[in-house]
Amino acid sequence: MVGQGLGYSILVTRPQGVTNDGKHLEVRPLSDANTDSSIVLVSLADLQQTRLVAGFESLALSLTSAGKILI
């Protein structure tokens, strides 16, 4: 809808400036934009963790401690 001139959006990422069908998007940064952000891994306390989730959590923690991802 934004690309068709029917609305607007506030994003946490910077779009490429064009829609999927090639129309121009106007990007306007917020005047007091904050560049700090956090990535958080959360789950329900009583939910059994799968091997896939456990592996992802282990990888994420190892990358943060190795300095490849900053928290």
Show me, for region 14-31, the HN-Hα J-couplings you get by feeding each phi into the Karplus relation (A = 6.51, B = -1.76, C = 1.60, θ = phi - 60°), rounded to Hz, glycine and proline as x. 9, x, 5, x, 9, 7, 4, 9, x, 7, 6, 10, 9, 9, 10, x, 5, 5
Whole-Hz ³J(HN,Hα) for each residue in region 50-64, computed from phi via Karplus 6.51 cos²θ - 1.76 cosθ + 1.60 with θ = phi - 60°, x for glycine and proline: what do you get? 7, 4, 5, 5, 4, x, 4, 4, 4, 5, 4, 5, 5, 5, 5
Let me spell out the model: positive unit charges on the Cβ of Lys and Arg, negative unit charges on the Cβ of Asp and Glu, origin at the Cα centre of the chain. What dipole size does that give, in debye rounded to 20? 200 debye
Two pseudo-spin positions, 7 Å from Cα along C-beta at Gln48 and at Gln16, lie apart in nanometres by 4.3 nm
Answer label for Cα Rg over 2.2 N^0.38 Å (calculated), chosen among (1) 1.14; (2) 1.66; (3) 1.05: (2)
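Since every read-out is calculated from the coordinates, none of them should be taken as a lab result. Note that the structure is a prediction, hence the values are computed from the model and not measured. All Cβ positions, glycine included, derive from the backbone under ideal geometry; neighbour counts span all protein chains shown.
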